[in-house]
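Below: one structure, written as structure tokens.
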């Protein structure tokens, strides 16, 4: 559930700092369990290399850290998208999957998280966490409930 309130064009806001951001803590590189906490459907406007397309912005919670990861809905991105759906248990290794973005909030999975350095608009060096890859078991689920 989103508890954000709208901010007016001329409202007063608090200044941001890393200390006051309760949803930010830089994680060390490694494997982490995550929970999907938000999905935003947007449009990627395209550039010289990638055409205009649908884009899903998925927010993953790992402890008190939220990481946003983008999925461009293009055929060239099918491996990454299918890895995500396999990670959250929505697709078997040999199945096709219907991308059901409207019903994945609350899903749990596992990913390898790494840090990425970049220069901010203010010229300062910054680091953020990014999803390097989504992890899933190659072993089929043996906890089936077949009748005898």
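The values are calculated or read from the model by the stated rules, or taken from the named source; none is laboratory data. These numbers were taken from a predicted model, which means no experiment stands behind them. Cβ placement follows ideal geometry from the backbone for every residue including glycine, while neighbour counts extend to all protein chains displayed.
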Report task. Could you please let me know if residue 97 is part of a strand (DSSP E or B) and either over 15 Å from the mean Cα position of the chain (by Cα) or modelled with pLDDT of 90 or more (or both)? Result -> no
Query raised in the report: Which numbered condition trips up residue 14, out of (1) in contact with a strand residue (DSSP E or B) (Cβ under 8 Å, 6 or more places away or on another chain); (2) at pLDDT below 95?
Result: (1)
Report task. Select, from 54, 64, 38, the only residue that is at pLDDT 95 or above and farther than 18 Å from residue 135 by Cα. Result -> 38
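State whether one or more residues within the stretch 105-115 are over 19 Å from residue 133 (Cβ atoms), at pLDDT 95 or above and not in a strand (DSSP E or B). Break it down into steps so the answer makes sense when it comes.
Of all residues in the stretch 105-115, those over 19 Å from residue 133 (Cβ atoms) come to 105-106.
From what is left, the residues that are at pLDDT 95 or above are 105-106.
Right, trim to not in a strand (DSSP E or B) and you get 105-106.
There is at least one residue in the stretch 105-115 that is over 19 Å from residue 133 (Cβ atoms), at pLDDT 95 or above and not in a strand (DSSP E or B).
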Report summary line: (1) more than 12 Å from the chain's Cα centre (by Cα); (2) farther than 15 Å from residue 136 by Cβ; (3) without any contact (Cβ under 8 Å) to a residue 40 or more places away in the chain all hold for residue 102 apart from (3)
Query raised in the report: So which residues in the stretch 93-117 are loosely packed, with under 13 Cβ neighbours inside 10 Å and in contact with a strand residue (DSSP E or B) (Cβ under 6 Å, 6 or more places away or on another chain)?
Result: 116, 117
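Please go through the stretch 62-86 and give me each residue that is touching a strand residue (DSSP E or B) at 6+ places or on another chain (Cβ under 6 Å) and under 28 Å from residue 45 (Cβ atoms), ordered by number. Spell out the reasoning first.
Kept after step one, since they are touching a strand residue (DSSP E or B) at 6+ places or on another chain (Cβ under 6 Å), are these residues of the stretch 62-86: 62, 66-74, 81, 83-84.
Of everything in the stretch 62-86, those that are touching a strand residue (DSSP E or B) at 6+ places or on another chain (Cβ under 6 Å) and under 28 Å from residue 45 (Cβ atoms) turn out to be 66, 67, 68, 69, 70, 71, 72, 73, 74, 81, 83, 84.
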Requested in this report: Considering (1) surrounded by 18 or more Cβ atoms within 10 Å (Cβ to Cβ); (2) part of a loop (DSSP other than H, G, I, E, B), say which one residue 58 fails and leave the rest.
Outcome: (2)
